[in-house]
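What follows is a set of notes on a single structure, which appears directly below.
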Amino acid sequence: MIRVYNTLSKTKEEFKTVKPNEAGIYLCGPTVYKPSHIGHMVGPIIFDTIKRYLSYNGYQVNFVINITDVDDKLIAEANARKIPMAAVAEEMTADYLRNLEAMNIKDSVNHFPKVSEHIGNIIKFTQDLIDKGFAYESEGDVYFNVGKFSSYGKLSHRSLEQMTGEGGGMADRKQTPFDFALWKSAKPGEPSWDSPWGKGRPGWHIECSVMSRELLGETFDIHGGGLDLVFPHHENEIAQSEARHNKPMCHYWMHNGLMQASSEIGKVGGRKTRTAEEGNLESQEAGKISKSKGANAFRDMLKQFEPETIRFFLLSSHYRRPIDFSFERIEEVGKGLETFYRFAKRFEKITGQNFYYLSAAVNRTEGDRVIGNVTPAIPELSEYRAKFLESMDDDFNTGGAIGVLFELLRVLNKYIDDYKLETETENLNNHQTLLIHGATVLRELGLTLGLFYELPKEKINTGSDELVNKLMGLLLELRAAARKNKDFATADKIRKDLAGLGITLEDRPGGTEWNL
């Protein structure tokens, strides 16, 4: 049974979908006015993983990420660059989609709706709210009357006294300070659309209510986003949607922790204060990585780190926790991922099979059947698979699940060592089938997290560079001779100097392997 933490109830609830065996997920996407940074990848990676796990459990999942291509920030950027707003949006949307593709996410998303493509639906939605008495027009603007929606504040668990309204030039046109804009009248020279209230453009909150309804229905299953969107954005979405439809907007509100610069509050280059807390918006907001605080473009990060390393880093803790970000932390997590790459090469050397071509179970039912039909000489195999699934069933705890993958990897390496499968070939026939079975389960579980699709190219020693391989072979022979003669100083110097060049050595019973 899958259980999901619901921000609305502040408890974990059994996952039950609106339609049997179908699930709809809506994730608030970016405002495309600057290049994407790593903070923009957090939500897509988390909810892509949730989609993968739900699919693994037999659900047909419809996954939607919206694109905000109409916004004040876009207008400001377009004016600064002296180009049309649509040109800025097109350029930055392309950048965002390229990054998702690099992270093996783009094809997982079923729809990328844009605000500019739903203006007519937004106008109709807004008019319906006016007709129902929940909204009013004022000097070309349209506002939602918060006082008419009795359960306003139920998501953020705030009373009106604890809230602050929108200020600026709109304050004088609102009936109460808490009312928020559904439609904004256009200023001279700004992009605008015709409406019953004059030329203007949508407010921020209304777009998600409209696009989620169009693609997922009046009530859907999961609405995701960062913790910083609980109020006012998601609170206002609920008010708009439920006022119009008189039914719940969605069943489960899921919010991921924000990405922090290091383990303490404060951006890179800024002053650090106290540690960010899970579920504490104020402490996480202080250190949130954002465009306004100079976050590096994600495309530059991809030049330094493999996409799978970044994904592994982001999934290594529970999604509701704040993410401690630094390049050093990514490198540290990447070293853990390297142990899986080394196993993949070790496995291929023993069995002659490519770990990444193993035909793993694609759903839970098939995996249960496979594990049940094999009598394992690796008794922990069933146990660790069950522990992995238990972690994922418990509010998609990817951090716990990855911990189980490490435990399973240790068991498989121990199995190789215990039966000396690298050196004593007479043992191979008896144990190769079971080793393949164990590796297949490892890949099955990894794939549910979007891991282990292929070995990163830079990790593959193809042997195509004949000279490099011959030189490395010579160095390894010299080092082996030094160790045999107990000249450990020379052996250690060879290892150390190679490490300085980015080459690691790993001594195994069958010989020493090198990796770049």
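One table, with the values for the structure above:
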quantity: The listed residue being part of a helix (DSSP H, G or I) and within 13 Å of the chain's Cα centre (by Cα), out of Phe313, Phe343, Phe347; calculated: Phe313
quantity: Selection status of Ala482, of a type in the set (Gly, Ala, Ser), part of a helix (DSSP H, G or I), farther than 30 Å from Ile45 by Cα and modelled with pLDDT under 70; calculated: yes
quantity: Test result for Thr433, more than 30 Å from Asp48 (Cβ to Cβ), modelled with pLDDT of 80 or more and out of contact with any helix residue (DSSP H, G or I) (no Cβ under 8 Å at 6 or more places or on another chain); calculated: yes
quantity: Sole residue being more than 21 Å from Gly29 (Cβ to Cβ), of a type outside the set (Asp, Glu), touching a helix residue (DSSP H, G or I) at 6+ places or on another chain (Cβ under 6 Å) and assigned by TED's automatic domain parsing to the domain that holds Lys73, chosen from Phe149, Phe180; calculated: Phe149
quantity: Lys132 being in contact with a Pro (Cβ under 8 Å, 6 or more places away or on another chain), farther than 23 Å from Met254 by Cα and assigned by TED's automatic domain parsing to the domain that holds Lys73; calculated: no
quantity: Filtered residues of region 1-38 (kept if free of Cβ contacts under 8 Å to residues at least 12 places away in the same chain and not in a loop (DSSP other than H, G, I, E, B)); calculated: Thr11
quantity: Selection status of Tyr453, among the aromatic types (Phe, Trp, Tyr), at pLDDT 75 or above and part of a helix (DSSP H, G or I); calculated: no
quantity: Residue list for region 240-262, filter: of a type in the set (S, T, N, Q) and within 21 Å of the chain's Cα centre (by Cα); calculated: Asn256, Gln260, Ser262
quantity: Residues within region 382-410 that are charged (D, E, K, R) and in a loop (DSSP other than H, G, I, E, B), tallied; calculated: 1
quantity: Strands (runs of 3 or more DSSP E) contained in region 164-263 and holding at least 2 residues under 30 Å from Phe325 (Cβ atoms); calculated: 220-226, 250-256, 259-261
quantity: Condition met for Lys106 (under 16 Å from Arg201 (Cβ atoms), under 25 Å from the mean Cα position of the chain (by Cα) and surrounded by fewer than 21 Cβ atoms within 10 Å (Cβ to Cβ)); calculated: no
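Condition check ((1) loosely packed, with under 15 Cβ neighbours inside 10 Å; (2) among the acidic types (Asp, Glu); (3) touching a residue at least 40 places away in the same chain (Cβ under 8 Å); (4) in contact with a strand residue (DSSP E or B) (Cβ under 8 Å, 6 or more places away or on another chain)) across all residues:
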site	(1), (2), (3), (4)
Phe327	yes, no, no, no
Gly334	no, no, no, no
Phe340	no, no, yes, no
Phe343	no, no, yes, no
Leu358	no, no, yes, no
Ile378	no, no, yes, no
Ser382	no, no, no, no
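The values are calculated or read from the model by the stated rules, or taken from the named source; none is laboratory data. Here the structure is a predicted model, which is why all the values come from computation and not from measurement. Every residue, glycine as well, gets a Cβ built from its backbone with ideal geometry; the counts of neighbours run over all protein chains shown.
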